[in-house]
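The values are calculated or read from the model by the stated rules, or taken from the named source; none is laboratory data. Quick caveat, the model's predicted, so the values are computed rather than measured. Because the Cβ atoms are built from the backbone with ideal geometry, glycine has one as well, and the counts that use them run over all protein chains shown. In case anyone asks, the SASA skips ligands and DNA or RNA and just uses the protein heavy atoms, side chains included. Shrake-Rupley method; radii C 1.70, N 1.55, O 1.52, S 1.80 Å.
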Amino acid sequence: MNNEPMNNDENPRGEQPEGGASAVPDAPVPPPPAKETTGRQRLKAGLWPPRLSRAQLIVAVLLFGLGLGLAIQVRSTSDDSALRGARQEDLVRILDEVDDRTQRLEDEKQRLDDQRTELENSSDQAEEARKQTLEKERQLGILAGTVAAQGPGITLTITDPARAVAPDMLLDALQELRAAGAEAIEVNGVRVVANTYFSGGAGDVQVDGKKIEAPYEFTVIGKPQDLEPALNIPGGVVQTLEKEQATVLVERSDDIVVDALRPAQRPDYARSSSP
């Protein structure tokens with residue numbers, strides 16, 4: 001066997017020798033090009049899955065709970081608002097009533113300031129104090145029902161042909177008048193005071209234990225411009241009574257007299273703490 005190497009002249013075409021072995025080594029295969037990522041993919045990879053610390057998670061839960069509570073409160077307030085369906089003129093009237101109440105409080109504050117100034121500047125402070133004491137006694141007598149009162153106000157008359165007006169409806173009317181600034185009230189000859197109560201049933205109403213019959217007449221001293229609108233607010237006293245087939249009449253007057261009196265009661269145990 002001839003083991004001498006074969007030169008190129010003997011294989012001029014570069015043919016592969018038998019056995020399938022290649023005389024030339026294979027070229028290295030280049031790696032596939034790296035896949036480019038878009039900005040959106042990089043952003044998504046940075047946000048998901050989320051990597052939250054314990055503190056961030058607690059803050060997120062608290063903010064969610066706060067937002068949910070505020071949403072429920074706003075919705076509840078909106079649903080329960082009694083003025084949701086009120087007309088524009090009714091809302092304006094209610095706003096005027098609130099402004100009037102505010103003005104009354106400002107006037108009372110100014111009056112008290114004036115009294116203090118008079119006491120401080122009066123040459124005879126003892127006499128001035130005596131005058132103010134008598135005036136205060138008269139005012140307290142009106143509130144306690146021990147003295148008669150006179151002034152502008154209204155008369156509220158409620159007829160009840162169906163005998164459907166219950167005591168709590170008359171109490172609502174009384175409370176509305178008080179809130180509107182009523183200073184003296186009389187109901188069917190009974191003087192209304194701080195502890196006045198209504199009892200009984202529809203068609204059988206009692207005031208402070210005294211039976212009264214329809215028509216129910218409230219004689220009220222106060223500012224008529226405040227008292228009458230307070231009874232006519234949407235969903236208020238007048239509308240409630242009219243739903244029970246009652247008839248309501250409100251009349252203004254510049255001269256109302258409340259002369260039903262209560263006996264003066266001396267307390268058994270309470271004494272003034274002033275020297």
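The figures follow:
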| quantity | calculated |
| --- | --- |
| Leading residue by the ranking (farthest from the chain's Cα centre (by Cα)) among those in region 216-237 that are of a type in the set (Val, Ile, Thr) and buried (at least 21 other Cβ atoms within 10 Å of the Cβ) | Thr219 |
| Matching residues in region 113-145 - criterion: being in contact with a Leu (Cβ under 8 Å, 6 or more places away or on another chain) and surrounded by fewer than 16 Cβ atoms within 10 Å (Cβ to Cβ) | Gln125, Ala129, Gln132 |
| Tally of residues being at positive phi and open to solvent by 10 Å² or more (accessible area, probe 1.4 Å) across region 169-215 | 6 |
| Single match in Val165, Val187 (criterion: among the β-branched types (Val, Ile, Thr) and under 28 Å from Arg87 (Cα atoms)) | Val165 |
| Near pairs, Cβ below 6 angstrom, 6+ apart or cross-chain, from region 162-189 (in contact (Cβ under 8 Å) with a residue 12 or more places away in the chain) to any residue that is crowded, with 16+ Cβ neighbours inside 10 Å and in a loop (DSSP other than H, G, I, E, B) | Val165/Ala246; Gly181/Gly222; Gly181/Lys223; Ala182/Gly222; Glu183/Gly222; Ile185/Val192; Glu186/Ala260; Gly189/Ala260 |
| Residue in region 215-223 that is closer than 23 Å to Gln103 by Cα, assigned to a loop (DSSP other than H, G, I, E, B) and touching a residue at least 12 places away in the same chain (Cβ under 8 Å) present | yes |
| Residue in region 148-166 that is closer than 19 Å to Asp226 by Cα, β-branched (Val, Ile, Thr) and open to solvent by 40 Å² or more (accessible area, probe 1.4 Å) present | no |
| In region 203-235, the residues that are closer than 14 Å to Ala173 by Cβ and either touching a Pro at 6+ places or on another chain (Cβ under 6 Å) or of a type in the set (Val, Ile, Thr) (or both) | Val205, Val207, Ile212, Thr219, Val220, Ile233 |
| Residue satisfying all of: in region 165-189; out of contact with any helix residue (DSSP H, G or I) (no Cβ under 9 Å at 6 or more places or on another chain) and not in a helix (DSSP H, G or I); nearest to Gly222 (Cα to Cα) among these | Glu186 |
| Residue within region 100-108 that is modelled with pLDDT of 90 or more, out of contact with any Ser or Thr (no Cβ under 6 Å at 6 or more places or on another chain) and more than 17 Å from Glu217 (Cβ to Cβ) present | no |
| Filtered residues of region 190-205 (kept if assigned to a strand (DSSP E or B), without any contact (Cβ under 8 Å) to a residue 40 or more places away in the chain, in contact with a strand residue (DSSP E or B) (Cβ under 9 Å, 6 or more places away or on another chain) and not charged (D, E, K, R)) | Phe198, Ser199, Gly200 |
| Residues of region 148-163 classified as over 14 Å from Ile185 (Cβ atoms) and part of a loop (DSSP other than H, G, I, E, B), total | 4 |
| In region 240-265, residue surrounded by the fewest Cβ atoms within 10 Å (Cβ to Cβ) [restricted to those that are within 20 Å of Val192 (Cα to Cα) and among the acidic types (Asp, Glu)] | Asp255 |
